[in-house]
Amino acid sequence: MVKFEQVSKVFAGGTVAVDNLNLTIEKGQFVVLVGPSGCGKTTSLKMINRLIEPTSGEIYIHDQKARSLNVVELRRNIGYVIQTVGLLPHLTVAANIALVPQLKGWPRAKCQERVEELLQMVGMDPAVYGDRYPAQLSGGQQQRIGVLRALAADPELILMDEPFGALDPITREQLQLELKRLQEQLKKTIIFVTHDMNEALMLADRIVIMKNGSVVQDATPEGILRHPANDFVASFIGRSAQPQAVEELEVKDVMNTAPVTIEPERGLGEALARMQQQRVDSLLVVKDGVLKGTVRARDLYPYLLRNEIASVSEVLSLVPVAVKPDTPLSVAAAKLMDKNTNLVVVVDDHGELKGVVTRASLVGVLLENQKSSQTTVENHVLKAAGGAGK
Ligand SMILES: Nc1ncnc2c1ncn2[C@@H]1O[C@H](COP(=O)(O)OP(=O)(O)O)[C@@H](O)[C@H]1O
Ligand SMILES: [Mg+2]
């Protein structure tokens, strides 16, 4: 599908961004390029759709030299998703998604059908969202539309450059799960760039770890966890010499201690602004440190549409599933799965909010704990994550 043959890129000024890269990516693979900032991930990706041209070497797409292809045609046939979503603000969601199909001359009815099909695929009602403008969506929703736009003209190859990097951990995890599900369903070839090893472990069929413009290890997630090629990889996957047995871990060992919150007496406008700013779909409502409930974006809209002044306390919904900091991680994991929720909140004996545990944090931890590969918890979680770690 894509082949790098001795590809190097030296920028003016002498920076060697990519150094003799050899890499073959098969059709239908979900490949994640991962490595520290500046190691050449973005440059490698951009050479595929020719936003950057190699200094030497050759890139092949479907056995054709990329540089022999028409650039415009090439880019229309490759989906591309970046961190700053890049939706056009004056176009509706539907028009944004239909952009490339229209450029390719699809008939209007077919474009519309495709838009509806895609929105339904990620659980966004076309009748509700199709006519909205990007500014009327949360960060997570905007990024979903960015992904749909890349899928719209049904390209076989999709490039993604830290697409979820600007999202809060909970929304990021939702989108990771969705993307993994979409890829398994649609069998697209995806080349995904990130500096986040947990994200790579969760998404990839194959992980390519880069350093200084070269590949240091190229293996399955499990292969990398079991046999890190060298000290650089070992430290990059954050594996301590003696991993703690998963049975011994408690919620406090893995929880995210900085969830996005709001006080109950705040206005709904402020709640919405905070969701948009923090790019989340819901907030935890906290008074004097004590968790009171949650407020979701979809509960705000009716009030905001009627221009009604109301406070967060009036739209409060139930406290989601709660656990204690010293609850065994296995118990929290079982709750996550049972209740089919994306997070459990962590509160102490006084009801004070201490953090949240998300599915992503569990997957990362459990994959690093190979010792206990037979525990029910891990099996549960791996299944929920769409088979990461195969
Ligand atoms: N347009 C450019 N001009 C000069 N140097 C660049 C340019 N783009 C990237 N670089 C340099 O090339 C190296 C690799 O960058 P990049 O591919 O963006 O890394 P990554 O995406 O892994 O963070 C870095 O040292 C970066 O500073
Ligand atoms: Mg980059």
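The values are calculated or read from the model by the stated rules, or taken from the named source; none is laboratory data. As the structure is a computational prediction, the values presented were derived from the model and not from experiment. Virtual Cβ from ideal backbone geometry, glycine too; neighbours counted across all protein chains shown.
Among the residues of the range 17-41, those identified as assigned to a strand (DSSP E or B) and either touching a Ser or Thr at 6+ places or on another chain (Cβ under 7 Å) or within 7 Å of ligand 1 (Cβ to nearest atom) (or both) are Ala17, Val18, Asp19, Asn20, Leu21, Ile25, Val32, Leu33, Val34.
Of all the numbered requirements in (1) closer than 24 Å to Ala334 by Cβ; (2) under 20 Å from the mean Cα position of the chain (by Cα), Glu248 misses one, and that requirement is (2).
Here's the yes/no breakdown for (1) in contact with a Lys or Arg (Cβ under 9 Å, 6 or more places away or on another chain); (2) polar (S, T, N, Q):
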{"position": "Phe4", "(1), (2)": "no, no"}
{"position": "Ser8", "(1), (2)": "no, yes"}
{"position": "Ser44", "(1), (2)": "yes, yes"}
{"position": "Thr55", "(1), (2)": "yes, yes"}
{"position": "Asn70", "(1), (2)": "no, yes"}
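Could you say which residue among Ile97, Ile61, Ile82, Ile78 is at negative phi, more than 24 Å from the chain's Cα centre (by Cα) and surrounded by 11 or more Cβ atoms within 10 Å (Cβ to Cβ)? Matching residue, one of Ile97, Ile61, Ile82, Ile78: Ile61. When the range 333-361 is filtered for residues that are touching a Lys or Arg at 6+ places or on another chain (Cβ under 8 Å), among the hydrophobic types (A, V, I, L, M, F, W, C) and not in a helix (DSSP H, G or I), the ones remaining, listed by number, are Leu343, Val344, Val346, Val347.
Just a yes or no: is a residue in the range 95-105 free of Cβ contacts under 8 Å to residues at least 12 places away in the same chain and under 21 Å from Gln143 (Cα atoms)? Working first, answer last.
Let us first name the residues in the range 95-105 that are free of Cβ contacts under 8 Å to residues at least 12 places away in the same chain, namely 95, 102, 105.
From the residues that got through so far, the ones that are under 21 Å from Gln143 (Cα atoms) too are 95, 102.
Yes, the range 95-105 has at least one match.
Evaluating Ala66 against the criteria (1) buried (at least 16 other Cβ atoms within 10 Å of the Cβ); (2) more than 16 Å from ligand 1 (Cβ to nearest atom); (3) within 29 Å of Arg132 (Cα to Cα) leaves one unmet condition, (3). Taking every residue in the range 160-177 that is touching a residue at least 40 places away in the same chain (Cβ under 8 Å) and pairing it with any residue that is assigned to a helix (DSSP H, G or I) and within 13 Å of ligand 2 (Cβ to nearest atom), at least 6 positions away or on another chain, the pairs with Cβ-Cβ distances below 6 Å are Asp161/Thr42; Asp161/Leu45. Residues considered: Gln102, Gln6. Of these, the only one that is outside any strand (DSSP E or B), of a type in the set (S, T, N, Q) and more than 14 Å from ligand 2 (Cβ to nearest atom) is Gln102. How many residues does the range 261-277 contain that are polar (S, T, N, Q) and touching a residue at least 12 places away in the same chain (Cβ under 8 Å)? Of the residues in the range 261-277, 2 are polar (S, T, N, Q) and touching a residue at least 12 places away in the same chain (Cβ under 8 Å). With respect to being farther than 25 Å from Asp196 by Cβ, surrounded by fewer than 21 Cβ atoms within 10 Å (Cβ to Cβ) and either within 16 Å of ligand 2 (Cβ to nearest atom) or modelled with pLDDT of 95 or more (or both), Gln29 falls outside the description.
Residues are listed down the side, and each one gets a yes or a no for (1) within 13 Å of ligand 2 (Cβ to nearest atom); (2) out of contact with any Leu (no Cβ under 7 Å at 6 or more places or on another chain); (3) not polar (S, T, N, Q):
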| position | (1), (2), (3) |
| --- | --- |
| Asp19 | no, yes, yes |
| Asn22 | no, yes, no |
| Pro36 | yes, yes, yes |
| Arg50 | no, no, yes |
| Ile82 | yes, yes, yes |
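Candidates Leu51, Leu103: the one that is assigned by TED's automatic domain parsing to the domain that holds Asp161, among the aliphatic types (A, V, I, L, M), closer than 23 Å to Val10 by Cα and surrounded by fewer than 15 Cβ atoms within 10 Å (Cβ to Cβ) is Leu51.
Table: residues versus (1) surrounded by fewer than 22 Cβ atoms within 10 Å (Cβ to Cβ); (2) among the hydrophobic types (A, V, I, L, M, F, W, C).
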site	(1), (2)
Asp131	yes, no
Ala135	yes, yes
Ser138	yes, no
Leu148	no, yes
Asp154	yes, no
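Looking only at the range 195-217, residues that are more than 16 Å from ligand 2 (Cβ to nearest atom) and charged (D, E, K, R) come to 2 in all. Screening the range 182-271 for strands (runs of 3 or more DSSP E) wholly inside it with 2 or more residues that are under 30 Å from Glu26 (Cα atoms) and touching a Pro at 6+ places or on another chain (Cβ under 9 Å) returns the ranges 189-194, 206-211. For the range 278-332, name all the residues that are part of a strand (DSSP E or B), in contact (Cβ under 8 Å) with a residue 40 or more places away in the chain, closer than 13 Å to Pro264 by Cα and aliphatic (A, V, I, L, M). Result: Leu284, Val286, Val290, Leu291.
If a residue has to be assigned to a loop (DSSP other than H, G, I, E, B) and under 19 Å from the mean Cα position of the chain (by Cα) to count, how many in the range 131-157 make the cut?
The number of residues fulfilling the criteria is 3.
When the range 42-63 is filtered for residues that are in a loop (DSSP other than H, G, I, E, B) and either farther than 26 Å from Met197 by Cβ or among the hydrophobic types (A, V, I, L, M, F, W, C) (or both), the ones remaining, listed by number, are Arg50, Leu51, Ile52, Glu53, Pro54, Thr55, His62, Asp63.
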